[in-house]
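Participant: Before I ask anything, here is the structure I am working with.
The values are calculated or read from the model by the stated rules, or taken from the named source; none is laboratory data. Note that the coordinates shown come from a computational prediction; the quantities given were computed from them, not determined experimentally. Here Cβ is always computed from backbone atoms with ideal geometry, including for glycine, and neighbour counts include all displayed protein chains. Heavy atoms of the whole protein, side chains included, go into the accessibility calculation; ligands, DNA and RNA do not. Shrake-Rupley method; radii C 1.70, N 1.55, O 1.52, S 1.80 Å.
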Amino acid sequence: IIFKKKHRSNLQYNKQQQPVMPPKRKALSGGGPVATSPAKRRSARLAASAATAATATATATAAPEITKVTTTKAARKAKADPAEKAASSPTEPSPTDGSPIKPAPSESPAETADAGPLAEGSHLPATLPTLASTSTQIHLPTLSKTTGLVLFLYPRASTPGCTTQACFFRDAHPQFKSAGYTVLGLSRDTEAAQKKFKEKHGMGFELLSDVDGAIIKAFGMGKGATGVNRGVVVVEKGGKVKVVKKCGPKESLEVALESVGVKA
């Protein structure tokens, strides 16, 4: 009996000496305090779910802003690329006086084309094409080295107005010849049409066939795509253009006579 009592006393003493550990509770996924009752655990779970939803909403709201910033950075980089390429490309050394470098002049279509109509005071360029006449080939710049030139321009051979104009110059041909000028007719008719026109009206001078309109356009006497303005061109001996004028049949003769010093 004494032994049993002593043994019980030892067991009670050992139990009193051991620390009492609280019951283990599973922590909720939100890092919050451990609930000790079913109601509190349910409230904690609801709070954790609400916190997770709030975090997801904030992330979704911030995503467009991040995309916008990324897009803006990409646009800025794209704008900066040309400047970077220009900076990396080799350039000519800058002038010593600090003035900006002027780009090399580029050859534009306007510079490669003809300078424009041959105005009064200009000279016939040697590049003008050679034209076929009713009996020969004539190069105006070469011919102008030995004689002055009187060219009457007409739209179409064998038409009433053109016939009247050609006959005016036919009748005044001796006067131009004595003044040192050669009379020439000029239109876009074919060689055959010019020859027929000349023979029919007994013209003692050549009629030039400028089918492509190169000479006509050079004097600024073209009309539309294929037309010709009636008028007269007078070129002094040596190739200087003295008169370029659009006018009617009779006026063209009067202007030509006056320009070569012959009274009408």
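Participant: Mind checking the dipole of the stretch 120-264: about its Cα centre, +1 per Lys or Arg Cβ, -1 per Asp or Glu Cβ, Debye to the nearest 20?
Facilitator: My answer is approximately 100 debye.
Participant: How much length would be gained if the chain were fully extended between Lys250 and Lys145, taking 0.36 nm per residue of separation minus their Cα-Cα distance, in nm to one decimal?
Facilitator: 35.0 nm
Participant: So what is log10(I(q)/I(0)) for the stretch 156-234 at q = 0.16, 0.22, 0.25, 0.27 1/Å, when the Debye sum runs over its Cα atoms only?
Facilitator: Scattering profile of the stretch 156-234, log10 relative to I(0): -0.58, -1.08, -1.31, -1.42.
Participant: Quick one: which residues, 5+ away or cross-chain, put their amide H under 5 Å from the amide H of Leu208? H built at 1.01 Å from N.
Facilitator: Gly185, Leu186, Ser187
Participant: Can you send over the carbon and sulfur percentage of the accessible area for the stretch 126-209, probe radius 1.4 Å, protein chains only?
Facilitator: Summing carbon and sulfur atoms, their accessible area is 54 percent of the total for the stretch 126-209.
Participant: Keeping all protein chains in place, calculate the accessible area per residue for the stretch 121-264 (probe 1.4 angstrom), answer in Å².
Facilitator: Accessible area per residue, the stretch 121-264: 46 Å².
Participant: Let me check something: with ligands and nucleic acids excluded, how do Tyr154, Tyr181 order by accessible area (1.4 Å probe), largest to smallest? Numbers along the way, then the final one.
Facilitator: Values: Tyr154 0, Tyr181 30 Å².
In descending accessible area the options line up as Tyr181, Tyr154.
Participant: Please list, in chain and number order, the residues 5+ apart from Val228 or on another chain whose amide H is under 5 Å from its amide H, with Hs placed from the backbone.
Facilitator: Lys223
Participant: When Lys and Arg each count +1 and Asp and Glu each count -1, what net charge do the other residues less than 13 Å away from Val228, Cβ to Cβ, add up to?
Facilitator: Net charge around Val228: +3.
Participant: Here's another thing I want to ask about it. I'd like the Karplus ³J(HN,Hα) series for the stretch 126-131: coefficients 6.51, -1.76, 1.60, θ = phi - 60°, whole numbers in Hz, and an x wherever there's a Gly or Pro.
Facilitator: With the stated coefficients, the stretch 126-131 comes to 5, 7, 4, x, 7, 10 Hz.
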